[in-house]
1. Could we say that Pro252 is in contact with a Ser or Thr (Cβ under 9 Å, 6 or more places away or on another chain), without any contact (Cβ under 8 Å) to a residue 60 or more places away in the chain and open to solvent by 30 Å² or more (accessible area, probe 1.4 Å) here?
2. Report yes if Val386 is open to solvent by less than 30 Å² (accessible area, probe 1.4 Å), at pLDDT below 95 and either under 19 Å from Asp422 (Cα atoms) or not in a strand (DSSP E or B) (or both), otherwise no.
3. Scan (1) under 13 Å from the mean Cα position of the chain (by Cα); (2) of a type outside the set (S, T, N, Q); (3) closer than 15 Å to Leu158 by Cβ for the single condition Lys17 breaks and write down its number.
4. Of the residues Pro106, Pro56, Pro145, only one is in contact with a His (Cβ under 7 Å, 6 or more places away or on another chain) and either under 25 Å from Trp378 (Cβ atoms) or among the β-branched types (Val, Ile, Thr) (or both); which?
5. Quick one: Ser8 ticks every box in (1) surrounded by fewer than 18 Cβ atoms within 10 Å (Cβ to Cβ); (2) in contact (Cβ under 8 Å) with a residue 12 or more places away in the chain; (3) more than 30 Å from Gly292 (Cβ to Cβ); (4) of a type outside the set (Val, Ile, Thr) except a single one, so which number is it?
6. For Arg22, which of the numbered conditions (1) assigned to a helix (DSSP H, G or I); (2) open to solvent by 20 Å² or more (accessible area, probe 1.4 Å); (3) closer than 20 Å to Met230 by Cβ; (4) touching a Lys or Arg at 6+ places or on another chain (Cβ under 8 Å) fails to hold?
7. Would you confirm whether any residue within the stretch 266-289 is in a helix (DSSP H, G or I) and surrounded by fewer than 18 Cβ atoms within 10 Å (Cβ to Cβ)?
8. Residue check, Gly367 against (1) open to solvent by less than 20 Å² (accessible area, probe 1.4 Å); (2) in contact with a helix residue (DSSP H, G or I) (Cβ under 8 Å, 6 or more places away or on another chain), all met but one. Which one?
Amino acid sequence: MPINFDSSFWESSWSAKRGVRRDIKATILAAGLGRRMEPLTAHLPKPLFPLGGKVPMLEVWVRRLVESGITDISMNLCVLSDTIKRHFQDGAKFGAEISYIDEATPSGTLGGVCKQAFGVEAKRLATEQDHPARGAFKGSTLIAPGGDIVTDFGAEHLEEMYDVHKRVGAALTMALVPVPWERRKDFGTVVLDNPQDRAGAISKSGRIIEFVEKDPNSPSNLNNASIYMMETELLKTLDELRTEARPDAPHPFYDFGKHVFPALLGRLPGTSISGKFPLWGIQYDGNWFDVGQKRDYLKVNEYLLDNKIDVPLPYENLAWGYLGTGVEIDFSKVTVVPPVVIGNNCIVADGATLGPYAVIGDGWRIGRDVRLHHSVLWGRDSGAAVEATGAGGYEIRGGVTIEHSIVAGGDVLGDLREQTSDVDADGQTRVLPIDYVPEGPRA
C-alpha cells in the first residue's frame, strides 16, 4: 500500500492476532436502487448519505473493517456508481484495497455477494450483460454487511461474531437485533433453538430453526440485521442455484431473506440443501438502523448527536455539539438548542434558532430569524462528494422554519415541515412530503 503503516498497526487487529487476515474478505452490498429515498437518491446513492453532515454511512463500515485488519473489501454498485468510486477510489486513503462490481441491474443480495466473492468464476446468467473480470477470493470466510445499515456493531463485535461462527461450525451466521413487536411486519424475523446466553452486547447465540419474512404474527421479534458471516463453500453451492433477480423467474433464487434462508431450513420447494449447512444467529442488543426510509435517516442522525452511535466527525466537539472551521456566527445573538452540528464555512445570521437536532453541512448561509430543528442540510462540499445540485446558493432565507426535513441543496425560500427539498435536473427547486415514494416496484 502507498501508506506505510507500522507493522504494529496491523498486528494489533483481531484478525491478525488470529492469523486469519488474508482468509477473510468483506463484500459490502451497495447496489440497491433506493426508491423509497427518492428524490434524494437522484443526487447521492443511499450508502453515501452523510451522517452528521460529513461522514458517509458506507464509510463507517470501511473504517471498522480496516480496524479489524480486514482490508480486502469489495462493493457491488448500481445507481450513481461513479460517485461511490470517486469517494473511496482504490481504498488506499483508508488503508484498504477496495474493488468494485458494477451492475447495470441489481442481481439481488445473493448475486451481489457471489459476484464479489468469485469474480470471473461466478455463475454467468444469460441475461446479464455485465460480469466481473477480477479473480475469485481464495480465502474461507466472507463478511457481508448492507451498505445502508448504520449501527455501533464495531470491530470487537465482528471479532466475537467470528469466534462464535467458527466455534459452532456455522456455514452462515447472521446478526439479529430485537425490534418492537408491532414492527414484525416490516422485518424478516428469526427463531433460535435453545439460545445460549452470553455476556455483553452480543447477548445470545443459537441455531436458527425458523425464518419468517415480514409476518405480523411471527413468533419472534429478532430481526435479520443484514450483517452476515459465511463460508465460501456454502456460497459456491448457492451460486450454482442463483437465478435472475426477478420474482417471475422460474424457481427464483437471488435473495438471502426470500430464498437462501428458507432453503437452508428446508422451507423452499425445489432445493435440497437443508441440513448440509448450519445456519446460526447471534443477538445484538446495541443500536442498529436499516436506513430504508427518510425518517430513518433523520432518526439515525439524532442517535449520532446523542452519542448512541460512534461516528467520529471531523469537527470541533463542544458541549452543545460540533463546530466546523471558517464559521461566521455571533453566539451571543444566536440561540443554540443542543445538540447541533454546524459544518465548515457556514454563515449564521443573528436571531437564528438552531436545534435541537439540527445538522448543517458545509457551506450553508442561514438567514436572520431562521428556525431549524430535527432536520439535516446536506453540505456543499461534504466528505461524501455530494453532488446535490449545480444551482442555487445553499441559503436558508430569513424567517424560514425548517423542521423534520431533509434539504439536499439549493436555496430554501419558504417553510419546510416534514418535507424534502432538492433541485431537479432543470435547476428548479422541488419540495415533496418526506414520506413520498414513487410508484413502481422496490429494489
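The values are calculated or read from the model by the stated rules, or taken from the named source; none is laboratory data. Note that this is a predicted model, so its numbers are computed, not measured. Here the Cβ is made from the backbone with ideal geometry for all residues, glycine too, and neighbour counts use every protein chain on show. For accessibility, only protein heavy atoms count, side chains too; no ligands or nucleic acids. Shrake-Rupley method; radii C 1.70, N 1.55, O 1.52, S 1.80 Å.
1. It is true that Pro252 is in contact with a Ser or Thr (Cβ under 9 Å, 6 or more places away or on another chain), without any contact (Cβ under 8 Å) to a residue 60 or more places away in the chain and open to solvent by 30 Å² or more (accessible area, probe 1.4 Å).
2. Against the criterion (open to solvent by less than 30 Å² (accessible area, probe 1.4 Å), at pLDDT below 95 and either under 19 Å from Asp422 (Cα atoms) or not in a strand (DSSP E or B) (or both)), Val386 qualifies.
3. Of everything listed in (1) under 13 Å from the mean Cα position of the chain (by Cα); (2) of a type outside the set (S, T, N, Q); (3) closer than 15 Å to Leu158 by Cβ, Lys17 misses just condition (1).
4. Pro56
5. (2) is the only condition that Ser8 fails.
6. (4)
7. no
8. So the condition that Gly367 fails would be (2).
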